[in-house]
């Protein structure tokens with residue numbers, strides 16, 4: 001019978017210390033459990049010094065597993081960050097190579113491709129769903145007399 005009483009007392013101590021360390025004031029625990037405030041604080045001090053263990057083996061195993069999974073998650077995220085940094089590096093290299101090609105086109109061939117498109121500058125008859133005859137220019141964007149979009153435009 002005394003072992004059951006000892007286990008019950010241990011469970012009460014564990015429950016009380018968990019609540020104490022989670023932020024419940026000692027005075028509130030004094031009213032709930034009947035222990036004096038100085039006894040609660042001495043139990044907390046014993047726990048802080050490592051004399052009392054408030055976790056049973058199952059809880060310790062869950063905590064260890066959570067730590068392991070957290071470490072694995074950190075390892076996975078670090079790998080992902082490294083891959084993304086490599087992809088960003090390659091994208092920057094690709095962008096720089098495109099800029100070099102555009103400079104070569106401009107300097108050697110006189111072609112100026114990097115002009116910025118202004119909103120509304122592309123007014124093709126296909127987008128306007130305008131049927132023009134092949135004799136007139138399609139629009140200022142293509143300035144062709146026979147536009148591919150005049151034939152390919154779906155009927156409104």
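The values are calculated or read from the model by the stated rules, or taken from the named source; none is laboratory data. The model shown is predicted, which means the values in this text are computed figures rather than measured ones. Cβ atoms come from the backbone with ideal geometry, glycine included; neighbour counts cover every protein chain shown.
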Next on the checklist: Going residue by residue through segment 51-58, is there one that turns out to be part of a helix (DSSP H, G or I) and surrounded by fewer than 10 Cβ atoms within 10 Å (Cβ to Cβ)?
Outcome noted: yes
Checklist entry - With respect to the numbered conditions (1) touching a helix residue (DSSP H, G or I) at 6+ places or on another chain (Cβ under 6 Å); (2) at pLDDT 85 or above; (3) exposed (fewer than 11 other Cβ atoms within 10 Å of the Cβ), which one is the sole condition not fulfilled by residue 113? => result (2)
Checklist entry - Across segment 34-50, which residue is nearest to residue 11 (Cα to Cα) among those that are surrounded by 15 or more Cβ atoms within 10 Å (Cβ to Cβ) and without any contact (Cβ under 8 Å) to a residue 24 or more places away in the chain? => result 35
